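Engineer: Sharing a structure, written as structure tokens. Questions coming.
The values are calculated or read from the model by the stated rules, or taken from the named source; none is laboratory data. Please read these numbers as outputs of a predicted model, since none were measured by experiment. Because the Cβ atoms are built from the backbone with ideal geometry, glycine has one as well, and the counts that use them run over all protein chains shown.
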């Protein structure tokens, strides 16, 4: 699987895909134009890749949503906060209908990581819960909805990215746990759903008590051992992107591509320029030619990929009859997850406010760009007297400079990163987190958690602030 440049398929890229006999493309935000442009891109891709094309995307929900003109689904933890499996199934179905309307047949979701580490820099609200049984229950429901609508799921990140302090996009994380400890937490959702998930994506994480040398993506002990042999999994295994630093800087494209197939994976995700992609492609060709990779390994991988493409064909199916209802469905799901902590209550519309918020928010290149300060301020448009204090970097806020003049001080977070020690002395009258829910642990006082910043999340927050809605969601253990 490769990525491609731009919002349309240029002749050079089309020639490259044909010449290299590539059947699978992963789409990113850079590929998403208008709905008509995306549909045209899909038609051209399917024509070039062939009838057994696999076109993948990360349309998880929350901040990890590439196609933003479709109904934007709640983050996994927003669904976890409402705890309603039927709602999770409905959201999974709505996501699939939207993707299917474009011709996309493979969604790299749901996330099965158990976020039991509040310091996790990359998973957080992408996880359904800190409880493995709850992750399995809600992810299974989400997946049922997607599969019923004809879009393949890909559970990730095996064997679990929830208990890490490091983002594998930037460095190589380690989870130093025994097999028994992994079975009780990280592995539990993957094992529970192995019989139902058509595909699994691996994590670039070292589990030294299982394999001290190789991350899971390249580990025969983890893929070939636990997933294939111990659990009998015969679905598709695809790697996370090989260009991520956790793998690329230590093993390189050529070596890691071959090691992944040796370990039991069926497909490598090789992003980059055509020249970089060719490094992985040629390494695989040479490994099969030399006998390092056997014909049986290649045939097994092809069989699994053929079965996935046959079960979930890439063809556009109009969703006009459902689109409006699906927008309403996801908005309702966002509202159901809205969560009030520590006695948070909406201020009266006549209460003088001071809204403290960061103006511009840098993206972490994994999620979509966060909400702007202007969007945050608009949540208070119905208040008669809301003074705005815009800051350049909220992590550098000096609470001693915040006036204590009778106004209700409302701190609104629009950033992904935790505040850290900078927030130790902050004492807002109300704290509103629009992205990372674990910021609630950094600031004492009443807090409302939206679990994300999609239109449905912001609408739910505004309705609560104006006293028109409840915040009845329940935070996972460790955040309450």
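Engineer: Among the residues of region 12-30, write down those that are over 27 Å from the mean Cα position of the chain (by Cα) and surrounded by fewer than 16 Cβ atoms within 10 Å (Cβ to Cβ).
Structural biologist: 12, 15, 18, 19, 20, 21
Engineer: Has region 46-63 got at least one residue that is at pLDDT below 95 and crowded, with 20+ Cβ neighbours inside 10 Å?
Structural biologist: Yes, because at least one residue in region 46-63 is at pLDDT below 95 and crowded, with 20+ Cβ neighbours inside 10 Å.
Engineer: Only one of these is in contact (Cβ under 8 Å) with a residue 12 or more places away in the chain and at positive phi: 103, 80, 90. Name it.
Structural biologist: From the options 103, 80, 90, the qualifying one is 103.
Engineer: Have a look at 289, 325, 301 and point out the one that is free of Cβ contacts under 8 Å to residues at least 12 places away in the same chain and within 26 Å of residue 104 (Cα to Cα). Steps first, please.
Structural biologist: Details: 289 fails: within 26 Å of residue 104 (Cα to Cα); 301 fails: free of Cβ contacts under 8 Å to residues at least 12 places away in the same chain.
It is 325.
Engineer: Another question about this same structure. Filter region 229-254 down to the residues that are surrounded by fewer than 18 Cβ atoms within 10 Å (Cβ to Cβ) and either within 27 Å of residue 179 (Cα to Cα) or touching a strand residue (DSSP E or B) at 6+ places or on another chain (Cβ under 7 Å) (or both) and list them by number.
Structural biologist: Those that are surrounded by fewer than 18 Cβ atoms within 10 Å (Cβ to Cβ) and either within 27 Å of residue 179 (Cα to Cα) or touching a strand residue (DSSP E or B) at 6+ places or on another chain (Cβ under 7 Å) (or both): 229, 230, 231, 232, 234, 245, 248, 250.
Engineer: Something else: Could you tell me which of the residues 33, 6 is farther than 19 Å from residue 238 by Cα, under 25 Å from the mean Cα position of the chain (by Cα), surrounded by fewer than 19 Cβ atoms within 10 Å (Cβ to Cβ) and not assigned by TED's automatic domain parsing to the domain that holds residue 271?
Structural biologist: 6 is the lone residue from the list that is farther than 19 Å from residue 238 by Cα, under 25 Å from the mean Cα position of the chain (by Cα), surrounded by fewer than 19 Cβ atoms within 10 Å (Cβ to Cβ) and not assigned by TED's automatic domain parsing to the domain that holds residue 271.
Engineer: Within region 269-278, does at least one residue satisfy the condition of being under 20 Å from the mean Cα position of the chain (by Cα) and surrounded by 24 or more Cβ atoms within 10 Å (Cβ to Cβ)?
Structural biologist: yes
Engineer: Listed residues 280, 287, 325; which is part of a helix (DSSP H, G or I) and over 25 Å from residue 241 (Cβ atoms)?
Structural biologist: Only one candidate qualifies: 325.
Engineer: Across region 305-332, which residue is farthest from residue 199 (Cα to Cα) among those that are buried (at least 18 other Cβ atoms within 10 Å of the Cβ) and in contact with a strand residue (DSSP E or B) (Cβ under 9 Å, 6 or more places away or on another chain)?
Structural biologist: Only one residue fits best here, namely 330.
Engineer: Can you say whether residue 140 is under 24 Å from residue 228 (Cα atoms), at pLDDT 95 or above and assigned by TED's automatic domain parsing to the domain that holds residue 61, as far as the supplied structure shows?
Structural biologist: Answer is yes for this residue.
Engineer: Tell me the helices (runs of 4 or more DSSP H) entirely within region 68-167 that contain at least 2 residues that are within 19 Å of residue 439 (Cβ to Cβ).
Structural biologist: Details: elements: 76-82, 85-102, 132-148.
Helices (runs of 4 or more DSSP H) meeting the threshold: 76-82.
Engineer: I've got another one for you. What pairs come out if I take residues in region 369-388 that are not assigned by TED's automatic domain parsing to the domain that holds residue 456 and pair them with residues that are surrounded by 20 or more Cβ atoms within 10 Å (Cβ to Cβ) and assigned to a loop (DSSP other than H, G, I, E, B) whose C-beta lies under 6 Å away, six or more apart or interchain?
Structural biologist: Close Cβ pairs (under 6 Å, with a partner that is surrounded by 20 or more Cβ atoms within 10 Å (Cβ to Cβ) and assigned to a loop (DSSP other than H, G, I, E, B)) do not exist here.
Engineer: How many residues, within region 385-395, are more than 28 Å from the chain's Cα centre (by Cα) and closer than 15 Å to residue 422 by Cα? Reasoning before the result, please.
Structural biologist: Our first condition is that a residue be more than 28 Å from the chain's Cα centre (by Cα); within region 385-395, this holds for 385-391.
Now restrict to residues that are closer than 15 Å to residue 422 by Cα: 391.
Matching residues across region 385-395 total 1.
Engineer: Can you report the number of residues in region 157-190 which are surrounded by fewer than 19 Cβ atoms within 10 Å (Cβ to Cβ), at pLDDT 85 or above and closer than 25 Å to residue 138 by Cα?
Structural biologist: 5
Engineer: Moving on. Could you give me the residue pairs with C-beta distances under 8 Å whose first residue belongs to region 410-428 and is closer than 21 Å to residue 370 by Cα and outside the structural domain of residue 387 (by TED's automatic domain parsing), whose second residue is part of a helix (DSSP H, G or I) and modelled with pLDDT under 90 wherever it lies, and which are 6+ apart or on separate chains?
Structural biologist: Here the result reads none, with nothing in region 410-428 linked to a residue that is part of a helix (DSSP H, G or I) and modelled with pLDDT under 90.
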